[in-house]
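Colleague: Following this message is one structure expressed as structure tokens.
The values are calculated or read from the model by the stated rules, or taken from the named source; none is laboratory data. Values in this document were obtained by computation on a predicted structure and should not be read as measured data. All Cβ positions, even for glycine, are placed from backbone atoms using ideal geometry, and neighbour counts span all protein chains on display. Calculation scope for accessible area: heavy atoms of the full protein, side chains included, ligands and nucleic acids excluded. Shrake-Rupley method; radii C 1.70, N 1.55, O 1.52, S 1.80 Å.
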Amino acid sequence: MKSSNARALAAIALTAMLTGCSAAAIEPTPTAVDFKVCLVSPTASIVAGSPADQALDAIERAVLTRGVQFDEAYFTQTQSTGSYVAAMNSLIDGGCDFVLAATHRMSKAVHQAALANPEAKFALVDAALVNDAGEPVDLANVVEINADVATQAFLAGYRAAGETKTGIVAAIGGDRLTPTANILFAFKQGVALYNDSNGTNVLLLGVSGVNPAGWATTSSWASAGKTARLSSSFIDRGADVLMLATGTTEVSGLEAKLQETGTLLVSIDAVTTEVSGMSEASTRLTDSTLAVIAKAIELPTFASIESALDGAFVAGEATVAVTETDQEFAVSPSGDMTNSLREILEAINAGTLAIKQNS
């Protein structure tokens with residue numbers, strides 16, 4: 001994980017590079033511009049590789065290549081929409097021109113802050129903009145940057161159904177919000193396609209029926225403990241591939257059972273386990289990972305910063321589409337599976353295969 005202190009050190013290092021104190025800088029030093037980009041994080045630390053981390057990497061790229069200024073706000077205790085809005089207002093009062101915020105925790109806060117500060121630009125990363133009633137909305141000064149997780153989840157569902165040895169797989173959400181439900185529903189459709197295409201009857205636990213109200217969730221976003229307990233219950237029922245859309249990438253409490261049973265995981269971002277006796281930043285990719293659904297959003301986030309800097313900002317949704325099937329696989333797919341995944345993706349891109357949304 002990357003703490004605010006660690007990021008402060010990174011900012012110092014960037015400042016040194018920009019002022020010529022480092023001989024390692026290869027790119028020419030950009031001319032400083034009167035444009036400040038700010039990050040608001042709902043937590044005191046940021047998980048490496050997460051959407052928030054990628055947003056921060058995009059800011060650092062803008063500092064190094066475009067000469068923008070940088071500021072940030074982290075939260076250690078008070079975590080509420082009101083506190084997030086107050087932080088954004090404070091940053092804007094301090095000269096921030098472009099505000100970045102990540103995850104659905106920030107959705108309502110960005111909406112409120114954007115309404116109160118129409119002259120500023122906002123990017124909401126890995127989330128959808130909603131009003132106080134939780135209804136989807138659009139604002140002229142907000143861009144929503146999301147990865148096409150549904151397509152990746154669909155492909156992962158197909159792959160999971162082809163990998164199971166017990167004939168049972170499971171999917172778990174962290175909440176019952178529409179974005180999570182659509183990820184689980186896409187995974188379910190991938191399993192169904194495998195069954196239809198191969199004459200199999202792989203059983204999917206956790207996503208029975210069409211009503212998300214009855215689907216398996218931890219009901220506590222980013223809870224490693226609840227993720228481990230619910231996962232364990234599905235393993236006990238025979239599932240040997242689990243799809244985790246629970247908001248956490250830390251599964252230390254489940255590691256022993258995964259190794260004992262040979263159960264594999266499909267996760268949103270890389271699943272890690274803490275290394276005993278080491279610092280909080282010392283984690284490793286679990287050997288039980290089947291596939292990682294990555295959210296590659298650094299470059300489009302950087303592009304949104306550049307668009308605002310260059311006077312070409314475009315509001316609305318900016319979904320990063322999946323263009324190839326090379327997800328991170330700890331267990332390499334067979335040649336036949338690779339060909340099938342490629343054909344499926346081509347059909348999705350051509351519009352001959354549609355992924356339905358559960359809405």
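Colleague: Using heavy-atom solvent-accessible surface (probe 1.4 Å) with all chains present, what is the largest-first order of Phe35, Phe122?
Modeller: Phe35, Phe122
Colleague: I'd like to compare 233-239, 185-191: which one has the highest average count of other Cβ atoms within 10 Å, and what's the full order after that? Write out the running numbers ahead of the final one.
Modeller: Numbers: 233-239: 17.4, 185-191: 26.0.
Per-residue mean Cβ counts within 10 Å order the peptides as 185-191, 233-239.
Colleague: Past 18 Å, Cα to Cα, is the threshold; run Lys188/Lys356; Lys226/Lys257; Lys226/Lys295 against it and keep the listed order.
Modeller: Working: Lys188/Lys356 10 Å; Lys226/Lys257 15 Å; Lys226/Lys295 23 Å.
The answer is Lys226/Lys295.
Colleague: Which percent of the accessible area of the stretch 121-228 is formed by carbon and sulfur heavy atoms (probe 1.4 angstrom)? Don't skip to the end; give the middle numbers.
Modeller: On the way: 2090 of 3970 Å².
On the stretch 121-228, the fraction of accessible area on carbon and sulfur atoms equals 53 percent.
Colleague: Ordering Glu346, Glu60, Glu317 from largest to smallest accessible area (1.4 angstrom probe), what's the sequence?
Modeller: On the way: Glu346 110, Glu60 35, Glu317 145 Å².
The ordering from most to least exposed comes out as Glu317, Glu346, Glu60.
Colleague: Once you place label points 7 Å from the Cα toward the Cβ at Glu317 and Thr261, how far apart are they in nm?
Modeller: 3.5 nm
Colleague: Please give every one of the aspartates and glutamates within straight-line cross-link reach of Lys121, meaning a C-alpha to C-alpha distance under 16 Å, and leave out same-chain neighbours fewer than 8 residues apart.
Modeller: Asp34, Asp71, Glu72, Asp93, Asp97, Asp138, Glu144, Glu306, Asp310, Glu317
Colleague: With a point put 7 Å past each Cα toward its Cβ, work out how far Lys356 is from Val33 in nm, to one decimal.
Modeller: 4.6 nm
Colleague: Find how much the distance from Ser233 to Ala213 grows on full extension, using 0.36 nm per residue of separation minus their present alpha carbon separation; answer in nm with one decimal.
Modeller: 5.3 nm
Colleague: For the stretch 88-195, report the accessible area per residue in Å² (1.4 Å probe, heavy atoms, rounded to an integer). Don't jump to the answer; show the numbers that get you there.
Modeller: Working: 3470 Å² over 108 residues.
Per residue, the stretch 88-195 has 32 Å² of solvent-accessible surface.
Colleague: Evaluate the distance, in nm, between pseudo-label points positioned 7 Å from the Cα of Arg342 and of Asp138 along their respective Cα→Cβ axes.
Modeller: About 3.7 nm separates the two model spin labels.
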